[in-house]
Structure formats: C-alpha cells, structure tokens
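The values are calculated or read from the model by the stated rules, or taken from the named source; none is laboratory data. None of the values given here were measured: they were computed from a predicted structure. All Cβ positions, even for glycine, are placed from backbone atoms using ideal geometry, and neighbour counts span all protein chains on display.
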Amino acid sequence: MLASARGARARKIRFDSLPGTNEAPATTAATANTPAERGGLSPRIAEYLKTATLPSPCLVVDVDLVARNYDDLATALPEAQVFYAVKANPADQILSRLAGRGSSFDTASIGEIDMCLRLGVDPARISFGNTIKKQRDIAAAHARGVSLFAFDSEEELRKLADAAPGARVFCRILVDSEGAEWPLSRKFGCERPMAEDLLVQARDLGLVPWGVSFHVGSQQTRHDQFDVAIGQAGEVFRNVAAHDIDLQMINVGGGFPSRYHSDVPKISDYAGAIRNAIRRHFPGRTLDIIVEPGRYIVGDAGVIQAEVVLVSHKGGNDPRRWVYLDIGKFHGLIETMDEAIRYRILTSHDGSEAAPVVLAGPTCDSADILYEKADYRLPTALKAGDRVLILSTGAYTTTYSSIAFNGLPPLASVCI
Ligand SMILES: Cc1ncc(COP(=O)(O)O)c(C=O)c1O
C-alpha cells in the first residue's frame, strides 16, 4: 500500500541488473564491502522492484526484515523489554508487525500514541518518552491509559504531577554521545545530581519515581558507551535509595546502528556490553530493563528508489560531476546534514568505471546538497532518468520529509 504517493509520477520499475545483497560493486566507494547479513539489498525488495509500479522517489520497507531485526535484538537481550521508537518509522504495517511480536512502544507525541492505540496496542505498552510535552498532551495520554512518562526538568515534573497524578515517571540523564554519528547530546537529559533531586521531588509531588533513562546517541558505533551511562544510572539508583526511593527501571535508550558506509558491531556485542554493565553497576539487583531501538529495527529494512534528474559540471578547477537526484534533504534525507549519515547507493551501471561526484537534491535551496565532502563515486555512465537505490533508508526518512517544498510531494512509502 502506498503511504503518500500524492501527485507523484508512477513508474514501472525494471532493475534486473541490480546486485543482490552481497554484491555491491567495487567501483562505487560508497557501496563497497556490503556484508551479506545486514544493510545489503534485501532479496524481497529486489524482487519486488522488478515489477512494481511506484512513484519516484519511494521508500520500500521489507517488513519481514523489520521482524527479524526485532527478533535478533530480543534474542540477544532477552532480559530487556523492547520499546520500539515509533519516530523512526511509524508505518502501520511496521507497528502492527512489531506489536504482534511482543514489542512495546516509545512515543514522542500524542499523535504517535494514537497511531499505536488505533492499531490496538495496549496503553500499558506505551511510554511517553519525550521530555518536552504540552501539559494538555500529558493529560490526554493519561486519559487514554498511558502511565509511563519521561522528564528531565522540574517544570516538566510539575506538569506531570498536575496532568498525570500517580503516574510512573523516569528521569533522563545527560550522557556523552561520543562515537554517535547522529548525537542527541545537550538537548535532552539533566545532570545526575539534578536527576536525583527531581526523583525525590517526584515522590513528594504524588508521582511514582520509576527509573532512569539515557540515550547514548543515535547510530552509536561504540558499545562501550553503554557502560559509562549505565554506571551513572547506577549512581542515581544508590543516591536516591538514601531517600527511601527504590527505583525499578533502567531505560538504556536506542543508539543501536544500521549498516551505512562501513561495518558496525553486531547487536550481540551491544547486548553483551549492556548485560555486563548492568551486572557491574547493579550487582545482585533485579531490574526492569528497557531498550528503545528505532534505527536498528527499521533502518536496514528499507531502500529508497530514486531517479537521477541531472548530471552536470560546473567548469573551473573541480572536475567532479554534480549528480542531482529527485530526493534530497527536504524529502527524507535530512540525516545527510553535515554529511553525518552516509548512505550506500546502488545504480544499474555499477561495476563500470566510476568517478567522484557531488550528490545533491532537486530543490532550489542550496542547503539541499547531500554529499560534497565525503568521497562519493558513481559510474560515469550515470545519466538523467537512471534509477538509483539508496540503501538502509528505512529509519528517519518518511517522517522527516516536507509536505510540499518546491511543490514536491512527501516521500512515498510502501511496506512489503
Ligand atoms: C527517547 C528516544 N528513544 C529512542 C530513540 C531511538 O534511537 P535510535 O534510533 O538511535 O535507536 C530516540 C531517537 O531520537 C529517542 O529520542
């Protein structure tokens, strides 16, 4: 089913020459060394694209892969409860499949809460994890049966006490996101001593101080960062225990990576790091452990099919070609900001001679350049009208797409 194909041109796809999961062409730097197991082109998507009629650009998500990623994480860390971060991709088919496999849901807004409820998710399996909420949205969530809320400030705590009396609350602490390609530092969380004061205050305000959360930064390539953060959470637990508060839950957030430009550690490495850290910092304790993966669950399960609009030169000293696609920063690829997330790109000319390019989107904003500094190379045969596949684009793409910038429709998506 097409999620948002409004106004987009439908195209019949023939991509017979696409390499399989394991066959990224060596001539294309951005696609080299694709491991068979993660981040390659899913055989189901490759098969689907041979005959599908889709607008361009369009995200195709293999929901079986979403389920597999969920299972891999749940198996690697069975002691934790998975709260899928809905913001990564809230497509109905994804939420339904995950709900069916036992996932709970981390939500950022009343809109995301309603998406889950509409699909029959029990509100007891929903966490309102945004630390920045309108009081009326807290009240609405509470009225719908949601009873688990995040906060990181006294002001938010007071809103929670007023609008969700008796709710379980957890405090997000500031942690280092070094090693993350999409850091979430500074904006969220508070310093550890403040978190301790606020958790005591939560009890005094009639809330249930339930636990501590953090996020080590998205696309976190260093699993040792979890040890540092879990160590800080352990200190909070011990220090509030002196005030007769027995916290129950540690929420270790997301950060588990997709496979973009280079290999990343395995999910079992992250699970092992989290398990060891909890043993070390919470000796002999039984805890509710929550993980909130977004990118890991859906990123590698999605592929955007897009089209080359123009290949040109600028003259002067820079010999690079400019390749303009029909998708850019404003229609789903915002995480190319500062060239932070570097997607791999396949073309039907892969295997032939390739040369450096600047890659840009189609809009009239000069910020709409995807990669200028990173060393992207694409086949010299590439021309307007050719289709390209942008791999591992299942997370943080559709939801970031503008609705009509330059009159272009939002990124279409289909789940198979
Ligand atoms: C509170 C919270 N939890 C989980 C996530 C998901 O993180 P990731 O996609 O890195 O797994 C995010 C991402 O922004 C978040 O803000």
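Yes or no, residue by residue, for (1) away from the ligand (no atom under 13 Å from the Cβ); (2) in contact with a Phe, Trp or Tyr (Cβ under 6 Å, 6 or more places away or on another chain); (3) over 28 Å from R97 (Cβ atoms); (4) assigned to a loop (DSSP other than H, G, I, E, B):
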position: C116; (1), (2), (3), (4): yes, yes, no, no
position: N130; (1), (2), (3), (4): no, no, no, yes
position: K133; (1), (2), (3), (4): no, no, no, yes
position: A139; (1), (2), (3), (4): yes, no, yes, no
position: E156; (1), (2), (3), (4): yes, no, yes, no
position: L160; (1), (2), (3), (4): yes, yes, yes, no
position: P165; (1), (2), (3), (4): yes, no, yes, yes
position: F170; (1), (2), (3), (4): no, yes, no, no
position: S185; (1), (2), (3), (4): no, no, yes, yes
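Selection of the stretch 261-287 for residues being within 16 Å of the ligand (Cβ to nearest atom) and either among the hydrophobic types (A, V, I, L, M, F, W, C) or surrounded by fewer than 24 Cβ atoms within 10 Å (Cβ to Cβ) (or both) yields V264, P265, K266, I267, D269, A271, A273, I274.
All conditions but one from (1) surrounded by fewer than 24 Cβ atoms within 10 Å (Cβ to Cβ); (2) under 19 Å from the mean Cα position of the chain (by Cα) apply to A85; the one that does not is (1).
When we screen E181, E112 for residues that are in contact with a Phe, Trp or Tyr (Cβ under 9 Å, 6 or more places away or on another chain) and modelled with pLDDT under 95, the only hit is E181. Looking for something farther than 28 Å from G394 by Cβ, at pLDDT 95 or above and in contact with a Leu (Cβ under 8 Å, 6 or more places away or on another chain) - is there at least one such residue anywhere in the stretch 272-295? Yes, the stretch 272-295 has at least one match. Only one entry of S402, S413 meets the criterion of being under 18 Å from the mean Cα position of the chain (by Cα), surrounded by fewer than 18 Cβ atoms within 10 Å (Cβ to Cβ) and more than 16 Å from the ligand (Cβ to nearest atom), and that entry is S402. Of all residues in the stretch 172-183, those satisfying the criterion of being within 13 Å of the ligand (Cβ to nearest atom) and within 19 Å of the chain's Cα centre (by Cα) are R172, V175, S177, G179, A180, E181, W182, P183.
Assess whether A143 counts as being surrounded by fewer than 17 Cβ atoms within 10 Å (Cβ to Cβ) and away from the ligand (no atom under 15 Å from the Cβ). Yes. For the stretch 91-106, a residue qualifies if it is on the phi < 0 side of the Ramachandran plot and assigned to a loop (DSSP other than H, G, I, E, B), and the qualifying residues are A91, R101, S103.
More than 19 Å from T107 (Cα to Cα) and small (G, A, S) - does that describe any residue in the stretch 210-217? No; the residues of the stretch 210-217 include none that is more than 19 Å from T107 (Cα to Cα) and small (G, A, S).
Among the residues making up the stretch 377-396, those that are of a type in the set (S, T, N, Q) and surrounded by 24 or more Cβ atoms within 10 Å (Cβ to Cβ) are S392, T393.
Scanning the stretch 187-221 for residues being of a type outside the set (G, A, S), crowded, with 21+ Cβ neighbours inside 10 Å and part of a loop (DSSP other than H, G, I, E, B) gives a total of 4. The criterion of at least 1 residues that are in contact with a Pro (Cβ under 8 Å, 6 or more places away or on another chain) is met by the following strands (runs of 3 or more DSSP E) wholly inside the stretch 287-390: 302-312, 321-325, 345-347, 354-360, 369-379. Considering I250, I290, I304, I245, which residue is aliphatic (A, V, I, L, M) and within 13 Å of the ligand (Cβ to nearest atom)? The unique qualifying residue is I290. For the stretch 341-351, a residue qualifies if it is more than 23 Å from I403 (Cα to Cα) and either among the acidic types (D, E) or in contact (Cβ under 8 Å) with a residue 60 or more places away in the chain (or both), and the qualifying residues are R342, R344, I345, L346, T347, S348, D350, G351.
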